[in-house]
Amino acid sequence: MDRSITYMEKLSNGYSLTELGYRDYIAARFLLNNHFIVQGLNLASTAVEKYLKAVIVFNLKERERYNYHFDRFNLLKNLLAKVNNDVTEEFDPVFIAILEKAFKIRYYDKIKKPIFMGFYINQFIGELDYTIDYLEKFISNTQSGGQSITVYSKAVKNNDPHLYENNFILKKENKKDFMEKPDVGFSIYIRVESVIQEEKVVKGGSTRNKYDGRISKFTQFGTNFML
């Protein structure tokens with residue numbers, strides 16, 4: 001079987017993935033900023049996944065199977081390493097762990113054990129923005145000499161309000177200062193059994209967190225949260 005892949009195929013498939021990834025990302029931002037937490041997490045997970053697949057496709061030497069999702073993140077990492085571009089080594093491991101769990105809650109029939117997540121919404125959005133911007137710059141620097149032609153770059157130039165809202169990178173804010181602003185925590189608990197289906201989201205009060213390179217975990221589940 002011929003496993004060769006042309007340069008034009010890589011460009012076409014790679015930029016298609018960045019466009020799809022951007023659509024999920026901008027929708028995730030809207031949902032998260034408006035506290036539709038579970039839905040926003042789902043799209044944040046698929047957005048980062050598609051950008052990682054774009055990095056893989058742009059750097060393929062031959063055809064590879066890359067239709068893996070965040071529930072098989074290790075396989076995506078293996079492919080990134082194979083093309084010598086495991087950009088995930090630069091990412092916040094707490095953020096990545098949330099994305100892995102977020103993908104699992106897309107399909108309740110496949111949840112085998114309860115899923116717990118706790119994080120601060122402003123920090124999560126900040127890390128999502130940082131990650132997508134990092135991937136966009138990585139792709140533009142390796143594919144077009146720093147001249148990005150993606151949907152994201154066009155949205156930046158057009159000052160898209162959905163992209164600029166609460167976006168510390170585009171507003172040129174210091175990351176640490178942004179991450180340590182007053183924030184609201186969310187805890188998510190999902191359990192699915194033969195006769196039980198539960199989804200609970202608990203919202204905590206405003207607080208400040210120290211930021212040392214990793215987003216903070218929110219562990220305040222509230223009274224009777226898991227009952």
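The values are calculated or read from the model by the stated rules, or taken from the named source; none is laboratory data. Just so you know, these numbers come straight off a predicted model, no measurement behind them. Backbone-built Cβ (ideal geometry, glycine too); neighbour counts: all protein chains shown. Quick note on the areas: whole protein, heavy atoms, side chains included, nothing else; ligands and nucleic acids left out. Shrake-Rupley method; radii C 1.70, N 1.55, O 1.52, S 1.80 Å.
Since K61 meets every condition but one in (1) open to solvent by 30 Å² or more (accessible area, probe 1.4 Å); (2) part of a helix (DSSP H, G or I); (3) charged (D, E, K, R), which condition does it not meet?
So the condition that K61 fails would be (2).
Just checking, which of V38, V94, V48, V55 is aliphatic (A, V, I, L, M) and open to solvent by 20 Å² or more (accessible area, probe 1.4 Å)?
Matching residue, one of V38, V94, V48, V55: V94.
Across the range 97-139, which residue is least open to solvent (accessible area, probe 1.4 Å) among those that are out of contact with any Ser or Thr (no Cβ under 6 Å at 6 or more places or on another chain) and of a type in the set (S, T, Y)?
T131
Residues of the range 202-220 being among the hydrophobic types (A, V, I, L, M, F, W, C) and not in a loop (DSSP other than H, G, I, E, B), which ones? Before the answer, list the steps.
Residues of the range 202-220 that are among the hydrophobic types (A, V, I, L, M, F, W, C), as a first pass: 202, 215, 218.
Selection gives V202 alone.
Can you find, within the range 87-107, the residue that is farthest from M117 (Cα to Cα) among those that are out of contact with any Phe, Trp or Tyr (no Cβ under 9 Å at 6 or more places or on another chain) and modelled with pLDDT under 90?
Filtering the range 87-107 for residues that are out of contact with any Phe, Trp or Tyr (no Cβ under 9 Å at 6 or more places or on another chain) and modelled with pLDDT under 90, the one farthest from M117 (Cα to Cα) comes out as Y107.
Residues to consider are I115, I105, I125, I121; find the one that is out of contact with any Leu (no Cβ under 8 Å at 6 or more places or on another chain) and under 28 Å from H69 (Cβ atoms).
I115
Here are some conditions: (1) assigned to a helix (DSSP H, G or I); (2) open to solvent by less than 60 Å² (accessible area, probe 1.4 Å); (3) touching a residue at least 40 places away in the same chain (Cβ under 8 Å). I5 meets all but one. Which one does it not meet?
I5 satisfies all of (1) assigned to a helix (DSSP H, G or I); (2) open to solvent by less than 60 Å² (accessible area, probe 1.4 Å); (3) touching a residue at least 40 places away in the same chain (Cβ under 8 Å) except (1).
List every residue pair whose Cβ atoms sit under 6 Å apart, with the two residues 6 or more apart in sequence or on different chains, where the first one lies in the range 203-221 and is within 15 Å of K181 (Cβ to Cβ) and the second, anywhere, is open to solvent by 50 Å² or more (accessible area, probe 1.4 Å) and among the charged types (D, E, K, R).
Cβ pairs passing all conditions: Y211/K176.
Could you please let me know if N174 is crowded, with 17+ Cβ neighbours inside 10 Å, of a type in the set (S, T, N, Q) and either in contact with an Asp or Glu (Cβ under 9 Å, 6 or more places away or on another chain) or modelled with pLDDT of 95 or more (or both)?
no
Give me the pairs, please: first residue somewhere in the range 53-81 and without any contact (Cβ under 8 Å) to a residue 24 or more places away in the chain, second residue anywhere and surrounded by 20 or more Cβ atoms within 10 Å (Cβ to Cβ) and assigned to a helix (DSSP H, G or I), beta-carbon distance under 6 Å, and either six or more positions apart or on two chains.
Final answer for the pair search is Y66/K53; Y66/I56; Y66/L79; Y68/L76; L79/I56.
Output the number of the condition that S148 fails; it satisfies all remaining conditions of (1) under 21 Å from V87 (Cβ atoms); (2) in a helix (DSSP H, G or I); (3) without any contact (Cβ under 8 Å) to a residue 60 or more places away in the chain.
S148 satisfies every listed condition except (2).
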